[in-house]
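Take a look at the structure below.
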Amino acid sequence: MAEPWRDRARRAVEWNWRLRSVGDPRPHYVICGRDALAYYVARAMLESDLPVGGARVTVVVPERYRSTGPDVAGLRGVRVIRSERLDVATFEAAGLAGATGLALLHQDDVGNLHAALCAQAVDQRVRQVLRMFNGTLADGVRKLIKAPVEVLSDAEMAAPAFVAAALGEVDPSSFQHRDKTLRVARRADVRAQDVVCALARPDGQQGVELLPTEQAGADLVLAEATGQPPGTEVAARRLVRARRRRRPVAVLLRALRGFATRKIGIAVMVVLAVIAVLGALISRAEDVSPLEALYLTLVTTLSGADPDTGKAADAQIMQVVLNLAGLALIPLITAVVVDGIVNARLALHTGLLQPARAGHVVVIGLGNVGTRVMAQLREYDVEVVAIDKDPAPRGATLARQLEVPLVIGDAALPETLAAASVANCQALVVASTDDVANLEAALAARDLRDDLRVVLRLFDGDFAERVEETFALGVSRSVSYLAAPAFIGALTERAVITTIPVDRHALPVAEVPVAAGSELDGRPLDTVNRDGQVRLIARTPTGGAKTIWWKDLDPRQVIFAGDRLTVVARRRGLDWLTRQCAPPAGPVPIPREGGPAHGGADTPTTTSPSIPSPIAPGIVTSAPGADPLLSPAEGASATANGGVAPEVERTSRRQGLSEGI
């Protein structure tokens, strides 16, 4: 039966059919993923203004899925393939043969490895970028995959930013490049001669100004590590020296409260009250001393008494009531003991029975990110308490190895937060994968203490920004936003060394080679620096000569083909520098064996001049809505400040997008 016309129309819109001319020289990228990281990577590929006019992007997503953040399948300008399995048939349908790069971005280490092997069966020359959490498995992948492969961990790249925010310091991570070790620091914490370049300075209108012209006014700088501990390490050591506030009486009362259930405790208290009242009445009726009255009461209650018909009626009634109370007391004592043992075992298993702590950091969610944050905090000797709903989360084994207490329960419940001593903690890091649960836990923690520092993980960037402004919960972080530049650099074969998070932005540190005949070949070094976009920090001359660092760079020196330029840049600035260092546009390359050049079909074997992108203005745009990856206040000011070439600005305005990293 023929497919209904409505289904055909829907499928045409979904796949976003755009017939391209024969010999389309644009590179082809295949991206497999469904979360915010896949969205940011795919959009960056669409926005990239490469020398041949942009890139073609094919996105592979499951048949049915619900996006918790930006939807990669909703991007305009991408070809969408829906498949539940990443196998050979799926990659053939996506046109992987001859493609420039493949990004496997699912949160499944084994699934990504299987997909990489299937992709290798389709084309062994396609560059692969894999997202993996397990470091041991990542090392094995590099040996198994014959194609050029890069294995990255978004959790590992984003964890330092969460740790820094939790301790109220700058990014504690450092990185090594060539013969130098560099780190991010506040200007007051480093010597003036160690400052490499300014990263950000406060700006009343935009929050922060990145890579400012005024180097002296910048508070956040990139500096050379000279053996002195960063500010975060000093803060961590200060926390270690602070002693816990011991409260033995409070701990004992808390243990007694958790020994039995509320109902059993009330029943025991009622029976004991009846026995005490009757004991006092017997003491008055028998006219005996208090000790003798206590003896008579206990003997009568626990063992009964011989009947004495000669006693007064009221004494006989009290004796009967005491015997009944004794009969009720024995099973209640047994119930308390059994219930206490069960509750104690459950409390020990779930971590709810914890001593009171102070000055520690509470991490909610031991997934990929939470586990990395916990490990890095322990590396700084900071005391950590973890909370997770799952009795066996991903990071449970590492938590036991690091002797980190794990509280099992809902972090939005007051008793769970009380078990982790949230009211007395240094900071709370909420890093689970559920935005709603994260927000509930953060609000519940703020109810316990108004001035608590909260570091909140939210997938939706616009939602995170509005929550931060409305509820004043502290710092919000997006793992995908922090890790996206490194994945983009690996996919485009840019040597992205690291990514520096600054406020709600990310600055990649990259090394870009200069090709022969490029725009920068023969130009002075001064042309590389662009205020607010690119800052040159080192140059490695061709031929393997020693790297020249910022201290010895002369802006009048000439750039030669083969030089490698190390820069700190925003993504738009890095795109501009890549184009300036790329070889001049030439004929379309002859297709290699195994598929047409750049993943295109029907590419002729004869050379033809490069043709511009057939995409009409306004086609390649992102989905509507705000995005933390993009800064809302750039636009045409970059060109006025000497930032980016005019043609780049026209492209950005045509797409209706603004720059953020």
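Overview of results
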{"item": "Single unsatisfied condition, Ala216 versus (1) in a loop (DSSP other than H, G, I, E, B); (2) within 16 Å of Pro160 (Cβ to Cβ); (3) of a type in the set (A, V, I, L, M, F, W, C)", "result": "(2)"}
{"item": "Matching residues, region 371-388, being among the basic types (Lys, Arg) and without any contact (Cβ under 8 Å) to a residue 40 or more places away in the chain", "result": "Arg378"}
{"item": "When residues of region 376-398 are limited to those that are over 22 Å from Asp410 (Cα atoms) and among the hydrophobic types (A, V, I, L, M, F, W, C), the one nearest to the chain's Cα centre (by Cα)", "result": "Leu377"}
{"item": "Wholly enclosed helices (runs of 4 or more DSSP H) of region 353-452 bearing at least 1 residues open to solvent by less than 20 Å² (accessible area, probe 1.4 Å), closer than 19 Å to Phe162 by Cα and of a type in the set (Gly, Ala, Ser)", "result": "368-379, 396-401, 435-448"}
{"item": "Criterion: modelled with pLDDT of 90 or more, open to solvent by 10 Å² or more (accessible area, probe 1.4 Å) and part of a loop (DSSP other than H, G, I, E, B) - qualifying residue of Arg64, Arg85, Arg76, Arg18", "result": "Arg85"}
{"item": "Condition met for Asp123 (out of contact with any Cys (no Cβ under 9 Å at 6 or more places or on another chain), of a type in the set (Asp, Glu) and in contact (Cβ under 8 Å) with a residue 40 or more places away in the chain)", "result": "yes"}
{"item": "Total residues in region 41-61, condition at pLDDT below 90 and not charged (D, E, K, R)", "result": "10"}
{"item": "Gly111 being open to solvent by less than 50 Å² (accessible area, probe 1.4 Å) and at pLDDT 80 or above", "result": "yes"}
{"item": "Enumeration of residues in region 552-575 that are open to solvent by 10 Å² or more (accessible area, probe 1.4 Å) and within 14 Å of Glu519 (Cβ to Cβ)", "result": "Val558, Phe560, Ala561, Asp575"}
{"item": "Residue identified as open to solvent by 10 Å² or more (accessible area, probe 1.4 Å) and either in contact with a Pro (Cβ under 6 Å, 6 or more places away or on another chain) or modelled with pLDDT of 75 or more (or both) among Glu519, Glu469", "result": "Glu519"}
{"item": "Restricting region 138-155 to residues that are at pLDDT below 85 and open to solvent by 50 Å² or more (accessible area, probe 1.4 Å), the residue that is nearest to Arg186 (Cα to Cα)", "result": "Asp139"}
{"item": "Close pairs from region 207-219: first within 15 Å of Val196 (Cβ to Cβ) and touching a residue at least 24 places away in the same chain (Cβ under 8 Å), partner part of a loop (DSSP other than H, G, I, E, B) and open to solvent by 50 Å² or more (accessible area, probe 1.4 Å), Cβ under 8 Å, at least 6 apart", "result": "Leu211/Asp531; Pro212/Asp531"}
{"item": "The one condition in (1) open to solvent by 50 Å² or more (accessible area, probe 1.4 Å); (2) charged (D, E, K, R); (3) closer than 30 Å to Leu117 by Cβ that Arg191 fails to fulfil", "result": "(3)"}
{"item": "Residue satisfying condition, being over 18 Å from Pro212 (Cβ atoms), in contact with an Asp or Glu (Cβ under 8 Å, 6 or more places away or on another chain) and open to solvent by less than 40 Å² (accessible area, probe 1.4 Å), within set Pro501, Pro541", "result": "Pro541"}
{"item": "Residue match in region 473-481 (condition: among the aromatic types (Phe, Trp, Tyr), modelled with pLDDT of 75 or more and more than 12 Å from the chain's Cα centre (by Cα))", "result": "no"}
{"item": "Arg131 being touching a residue at least 12 places away in the same chain (Cβ under 8 Å) and either within 30 Å of Thr371 (Cβ to Cβ) or open to solvent by less than 60 Å² (accessible area, probe 1.4 Å) (or both)", "result": "yes"}
{"item": "Top-ranked residue in region 124-168 [being over 20 Å from Pro485 (Cα atoms) and among the charged types (D, E, K, R); ranked as nearest to the chain's Cα centre (by Cα)]", "result": "Asp139"}
{"item": "Residues being part of a strand (DSSP E or B) and within 15 Å of Arg34 (Cα to Cα) - total across region 94-127", "result": "3"}
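The values are calculated or read from the model by the stated rules, or taken from the named source; none is laboratory data. Not measured: the values here are computed from a predicted model. So basically every Cβ, Gly included, is an ideal-geometry build from the backbone, and we count neighbours across all protein chains shown. Accessible surface areas use protein heavy atoms only, side chains included; no ligands, DNA or RNA. Shrake-Rupley method; radii C 1.70, N 1.55, O 1.52, S 1.80 Å.
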